[in-house]
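**Student:** Would you mind keeping the following structure in view while I ask a few things?
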Amino acid sequence: MSSFWKCIAIMVISSFLLAACERVIQVDIKDQPLRFVVEGVLTDDSTCRVRLSRTSNFYDTINLVGVTGAKITIAEDGKTPVVLNASNNRGEYRAAFTGRPGRTYQLRIEYTDATMTHVFTASSTMPQKVTLDSLYVSERVFLGKTRMMAAIRFKDPPAPGNAYRYVQRVDGELETTVFVTKDDLINGRTVVDELLIFNDDYTLKNATS
């Protein structure tokens, strides 16, 4: 067989193999009982927010379904509870309430559906504030592009057990990447964290550009 026909034969066989490798696999993922999800945020700058939602099944188009009609309160160290009011139809509740570092807060949620009354409680102590040394924009090559991203510098306190979460907004819109870290490897050290975004189209820009 000539080299030309050998090449044609290899191409045909390769195409056949590629086509033969395509296969639709049906995965039987069973629905699970829906559970409640609670996300509570309390800061020392008047932010007091709780979101109550339900989990979704694998093939649902909505990730978390907001729950409305709940009775939600928060109290500081056994003081008179403050009521959180629904702020929208996505299961978000808010109150004009400010936390204080070192104080303990109790959260209580009561919700009645068609079958029963659900009660959830939680208690948490607000840690001492960690002050940022600086907040700036750094430039580096990332995912094949030169991009600008936010960078944070701070000193972790000497006592272990601190955890950090960064929330980034760009032009007023919440950026959805989750930035979390603990002080297991940085305890008592000066830290520089860059908020890396795994989105090829994302970059910060100078306000003048």
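**Student:** If you go through the range 108-149 one residue at a time, how many are outside any strand (DSSP E or B), of a type in the set (D, E, K, R), open to solvent by 70 Å² or more (accessible area, probe 1.4 Å) and farther than 23 Å from Asn162 by Cβ?
**Tutor:** 0
**Student:** Of the residues Val41, Val37, Val50, which is at pLDDT 95 or above and either surrounded by 11 or more Cβ atoms within 10 Å (Cβ to Cβ) or assigned to a strand (DSSP E or B) (or both)?
**Tutor:** Being at pLDDT 95 or above and either surrounded by 11 or more Cβ atoms within 10 Å (Cβ to Cβ) or assigned to a strand (DSSP E or B) (or both) holds for just one of Val41, Val37, Val50, which is Val50.
**Student:** Of all residues in the range 113-122, which are modelled with pLDDT under 95 and not aliphatic (A, V, I, L, M)?
**Tutor:** Asp113, Thr115
**Student:** Here are Gly91, Gly66, Gly78: which of them is surrounded by 14 or more Cβ atoms within 10 Å (Cβ to Cβ) and more than 30 Å from Val27 (Cα to Cα)?
**Tutor:** Gly91
**Student:** Right, another one. If Tyr105 meets every condition in (1) surrounded by 12 or more Cβ atoms within 10 Å (Cβ to Cβ); (2) of a type outside the set (A, V, I, L, M, F, W, C); (3) modelled with pLDDT under 85 apart from one, which number is that one?
**Tutor:** (3)
**Student:** Sort out which residues of the range 161-190 are among the hydrophobic types (A, V, I, L, M, F, W, C), more than 24 Å from Leu42 (Cβ to Cβ) and not in a loop (DSSP other than H, G, I, E, B), and write them in order of number.
**Tutor:** Val170
The values are calculated or read from the model by the stated rules, or taken from the named source; none is laboratory data. These numbers come from a predicted model, not from an experiment. Every residue, glycine as well, gets a Cβ built from its backbone with ideal geometry; the counts of neighbours run over all protein chains shown. We work out accessible area using only protein heavy atoms, side chains counted, and drop any ligands, DNA or RNA first. Shrake-Rupley method; radii C 1.70, N 1.55, O 1.52, S 1.80 Å.
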